[in-house]
Protein chains: 2
Amino acid sequence: MSELRKDPVTGRWVIISNERRKRPGDFLLESVHPTSNASCPFCAGHEQMTPKELMAYGRNGSGPDTPGWSLRVIPNQYPVLRVEGTLDREAEGLFDKMNGIGAHEVVIESPRHEDTLATLDEGAVEQVLWACRERLMDLKRDRRFRYMIIFKNHGAAAGASLDHSCTQLIALPIVPREVRDEVDGARTHFMTKERCVFCDILRQETADRRRLIAENADMVAIAPYAPRFPFETWILPRRHQACFEDSPRHEYASLARMLGDILRRMNKTLRMPPFNLLIHSAPVAEEAGEYYHWHVEIIPKLTKVAGFEWATGFYLNPTSPEEAAEVLRDVRP
Amino acid sequence: MSELRKDPVTGRWVIISNERRKRPGDFLLESVHPTSNASCPFCAGHEQMTPKELMAYGRNGSGPDTPGWSLRVIPNQYPVLRVEGTLDREAEGLFDKMNGIGAHEVVIESPRHEDTLATLDEGAVEQVLWACRERLMDLKRDRRFRYMIIFKNHGAAAGASLDHSCTQLIALPIVPREVRDEVDGARTHFMTKERCVFCDILRQETADRRRLIAENADMVAIAPYAPRFPFETWILPRRHQACFEDSPRHEYASLARMLGDILRRMNKTLRMPPFNLLIHSAPVAEEAGEYYHWHVEIIPKLTKVAGFEWATGFYLNPTSPEEAAEVLRDVRP
């Protein structure tokens, strides 16, 4: 029989469906394979095709917007939100609106078109995380921004518009709903129990081990108890910390190692799936230090979201997290 | 510049993006064209390939599970939730679960494989709505169910697993999150203003007309102020009513006429898009009569949901509702 399960942070229910059970080979997916593209604006040598860079790593004397970099951060050419202007709030009869103030940046992870987070070496992945941290620290000083989201779309099916591997950063003038629910859920848990809910999850999952995928000195990868999607994977730092950008340097190295490991396991067992990667961190200027705990979510794009999910916010997942964890745990990368 | 807009019911913010503006021809979509399939279990003559029917319309003396019907309702062969058993609630350490009690039924809209809601005549579409009403009335008597959702997935990209046009009905033992947010938002609006928020929307949109798509005696079709998706369309009954199943018969006829009209407009202007159709109605056994207002949402599947949306619950929409309404209003079906 199917099971209804509740996420202990957001209170979101999901259905783990046995009737429609799917194993890794059952998903019809759009695999993402390395390509080449002579006119890619993110490749080394094409720096003039992008907006002017905000920062770069790896230059050995080469000037901005020229080759010689190992990582490059640029403003998005078609930004979702723009930095220029003041934030205006306005009513339109019954309705409320604001103008689109924010920031939208792109971290180009490598000068080479065919690299991915799964094939880059650990140091290069750590550099990506470090660049995100640097940009967060800078954007945080802008008092108009309430939330910064770091995410990655890998493959067209996951929403990527270019093949070249990159991570995006968007600064928002409001705290979005999904984040609000998570932060409020964590606060409620803390207020009743005086404990961080993510620390509780870490304790239970590392003891129970059925949903544990991998662990290293600083990071633990699990299949969450109530995943929306098959093979959804969370990576949590063992040490309690509300904000991603406040972590000590060695935790970025541990996360880089864990990310590469998990993505290679997924590539092997799920046949190079498209995926989304999200870094959940506490909102700027909220005292979430005691009760929030930053983490990474990886969502392979294996299923289609249909009417039931859109209408209810209730996800139907054909693969139990116990089965997903077992499969990913047993892959030999 | 882009705009941030807030839905007055749920409080959900969306970004209407001008930088990434898309017109109807700009979407790369998987058009849904009529097909044939000699082994479709939903076609007339194949009644033995489905579970036993719960009800049928149009029979003229023919027995159950034989040809001769114009509409047929069956339990889903691979149900998301099952009717049999008692609802058990259980903790698993930190986590909460229930067993998968519920109901999952399928309304086969026509005996012919190639029919769709856009090509069926008005009477046949009305029959679909009436069948949904009959099944709702029956399922409502089961006290284990808290919410019933009626939805339709049209085309593989919108999550349909079979081509044959059908509508699904799922009864849930809990009120799902998306519904909770909507109902709570409507209640809050009523408590502050003593007015239904949907009646307020109807008043403003029929006066303003910029987001109005079509209207008839009982129904109004609009592009909502803060749509998550391009060309998202809502159909609202003019008369205040919390529950879909409590409407007078002539409103189903008016809705059938409006549905066919809107879907034909979309087929013409958006090139036979895949879509999801959702009927939002008040939860069973809640006193929502004064503040909730049932309605239909149609979501053409034109864009991919990416990391930003999954992380934030904040939707990025490249087509403003004013532009979508203008396009759909001007189509001559």
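Of all residues in the range A:304-330, those that are more than 21 Å from the chain's Cα centre (by Cα), within 14 Å of A:Asp26 (Cβ to Cβ) and not in a loop (DSSP other than H, G, I, E, B) total 2. Within the range A:158-179, if we keep just the residues that are small (Gly, Ala, Ser) and buried (at least 23 other Cβ atoms within 10 Å of the Cβ), the residue that is nearest to A:Ala282 (Cα to Cα) turns out to be A:Ala171.
Within the range B:128-149, one or more residues are in a loop (DSSP other than H, G, I, E, B) and crowded, with 22+ Cβ neighbours inside 10 Å.
For the range A:288-308, a residue qualifies if it is more than 24 Å from A:Ala118 (Cα to Cα) and touching a residue at least 60 places away in the same chain (Cβ under 8 Å), and the qualifying residues are A:Ala288, A:Glu290, A:Tyr291, A:Tyr292, A:His293. When you scan the range B:83-95, do you find a residue that is closer than 22 Å to B:Glu47 by Cβ, surrounded by fewer than 20 Cβ atoms within 10 Å (Cβ to Cβ) and within 14 Å of chain A (Cβ to nearest Cβ), even just one? Yes; the residues of the range B:83-95 include at least one that is closer than 22 Å to B:Glu47 by Cβ, surrounded by fewer than 20 Cβ atoms within 10 Å (Cβ to Cβ) and within 14 Å of chain A (Cβ to nearest Cβ).
Within the range A:297-304, is there a residue that is closer than 20 Å to A:His33 by Cβ, hydrophobic (A, V, I, L, M, F, W, C) and touching a His at 6+ places or on another chain (Cβ under 9 Å)?
From the range A:297-304, those closer than 20 Å to A:His33 by Cβ are A:298-302; that's our starting set.
Imposing the further condition that a residue be hydrophobic (A, V, I, L, M, F, W, C) reduces the set to A:298-299, A:302.
From the residues that got through so far, the ones that are touching a His at 6+ places or on another chain (Cβ under 9 Å) too are none.
No, that holds for no residue.
Mind counting the residues in the range B:1-59 that are away from chain A (no Cβ under 14 Å), over 30 Å from B:Phe198 (Cβ atoms) and part of a loop (DSSP other than H, G, I, E, B)? Matching residues across the range B:1-59 total 21.
Against the conditions (1) over 29 Å from A:Gly185 (Cβ atoms); (2) assigned to a loop (DSSP other than H, G, I, E, B); (3) aliphatic (A, V, I, L, M), B:Ala157 satisfies every one except (2). For the range A:201-236, the set of residues classified as closer than 27 Å to A:Arg249 by Cβ and either polar (S, T, N, Q) or part of a helix (DSSP H, G or I) (or both) consists of A:Ile201, A:Leu202, A:Arg203, A:Glu205, A:Thr206, A:Asn216, A:Thr233, listed by residue number.
Of all residues in the range B:89-118, those satisfying the criterion of being in a loop (DSSP other than H, G, I, E, B) and touching a residue at least 12 places away in the same chain (Cβ under 8 Å) are B:Gly100, B:Gly102, B:Glu109, B:Ser110, B:Pro111, B:Arg112, B:His113, B:Glu114, B:Asp115, B:Thr116, B:Leu117, B:Ala118. Among the residues of the range B:267-319, the ones that are within 9 Å of chain A (Cβ to nearest Cβ) and either farther than 15 Å from B:Glu232 by Cα or of a type in the set (Asp, Glu) (or both) come to 10 in all.
Within the range A:168-204, the only residue that satisfies the criterion of being within 23 Å of A:Asn276 (Cβ to Cβ) and among the polar types (S, T, N, Q) is A:Gln168. Is one or more of the residues making up the range A:293-301 under 30 Å from B:Leu169 (Cα atoms) and surrounded by 24 or more Cβ atoms within 10 Å (Cβ to Cβ)? Within the range A:293-301 (the criterion being under 30 Å from B:Leu169 (Cα atoms) and surrounded by 24 or more Cβ atoms within 10 Å (Cβ to Cβ)), the answer is yes, since at least one residue qualifies. Looking across the range B:154-193, just one residue is within 20 Å of B:Lys301 (Cβ to Cβ), free of Cβ contacts under 8 Å to residues at least 60 places away in the same chain and more than 10 Å from every other protein chain (Cβ to nearest Cβ), and that is B:Ser165.
Is one or more of the residues making up the range A:65-76 over 26 Å from the mean Cα position of the chain (by Cα) and among the hydroxyl-bearing types (Ser, Thr, Tyr)? Spell out how you get there, then give the answer.
Going through the range A:65-76, the residues over 26 Å from the mean Cα position of the chain (by Cα) turn out to be A:65-68.
After this cut, where a residue has to be among the hydroxyl-bearing types (Ser, Thr, Tyr) as well, the list is A:66.
Yes, there is a match, as at least one residue in the range A:65-76 is over 26 Å from the mean Cα position of the chain (by Cα) and among the hydroxyl-bearing types (Ser, Thr, Tyr).
Select from the range A:241-284 the residues that are assigned to a helix (DSSP H, G or I), of a type in the set (D, E, K, R) and either closer than 23 Å to A:His33 by Cβ or in contact with a Leu (Cβ under 7 Å, 6 or more places away or on another chain) (or both) and list them in ascending order.
Within the range A:241-284, the subset assigned to a helix (DSSP H, G or I) is A:244-246, A:249-269.
Next, only the ones that are of a type in the set (D, E, K, R) stay: A:245-246, A:249, A:251, A:257, A:261, A:264-265, A:268.
Listed by number, the residues that qualify are A:Glu245, A:Asp261, A:Arg264, A:Arg265, A:Lys268.
In this structure, is B:Asp65 out of contact with any Leu (no Cβ under 6 Å at 6 or more places or on another chain), over 28 Å from A:Thr312 (Cβ atoms) and within 14 Å of chain A (Cβ to nearest Cβ)? Judged against the criteria, B:Asp65 is not a match.
Tell me, please, whether a residue that is closer than 29 Å to B:Asp7 by Cα and within 12 Å of chain B (Cβ to nearest Cβ) can be found in the range A:199-206. Lay out the reasoning, then the answer.
Narrowing the range A:199-206 to residues closer than 29 Å to B:Asp7 by Cα: none.
No, every residue in the range A:199-206 fails to be closer than 29 Å to B:Asp7 by Cα and within 12 Å of chain B (Cβ to nearest Cβ).
Within the range A:72-82, the set of residues being within 18 Å of A:Cys40 (Cβ to Cβ), surrounded by fewer than 19 Cβ atoms within 10 Å (Cβ to Cβ) and either more than 10 Å from every other protein chain (Cβ to nearest Cβ) or not polar (S, T, N, Q) (or both) comprises A:Pro75, A:Tyr78. Residue count for the range B:212-231 under the criterion of being crowded, with 24+ Cβ neighbours inside 10 Å, more than 9 Å from every other protein chain (Cβ to nearest Cβ) and of a type outside the set (A, V, I, L, M, F, W, C): the result is 3.
Given the criterion buried (at least 17 other Cβ atoms within 10 Å of the Cβ) and within 29 Å of A:His280 (Cα to Cα), identify the matching residue among A:Gly123, A:Gly102, A:Gly58.
Numbers: A:Gly123 fails: buried (at least 17 other Cβ atoms within 10 Å of the Cβ); A:Gly58 fails: buried (at least 17 other Cβ atoms within 10 Å of the Cβ).
Checking each option against the conditions leaves just A:Gly102.
Screening A:Phe42 against (1) at pLDDT below 95; (2) within 25 Å of A:Phe275 (Cβ to Cβ) leaves a single unmet condition, (1).
The values are calculated or read from the model by the stated rules, or taken from the named source; none is laboratory data. Fair warning: this is a prediction, and the values are worked out from it, not measured in the lab. All Cβ positions, glycine included, derive from the backbone under ideal geometry; neighbour counts span all protein chains shown.
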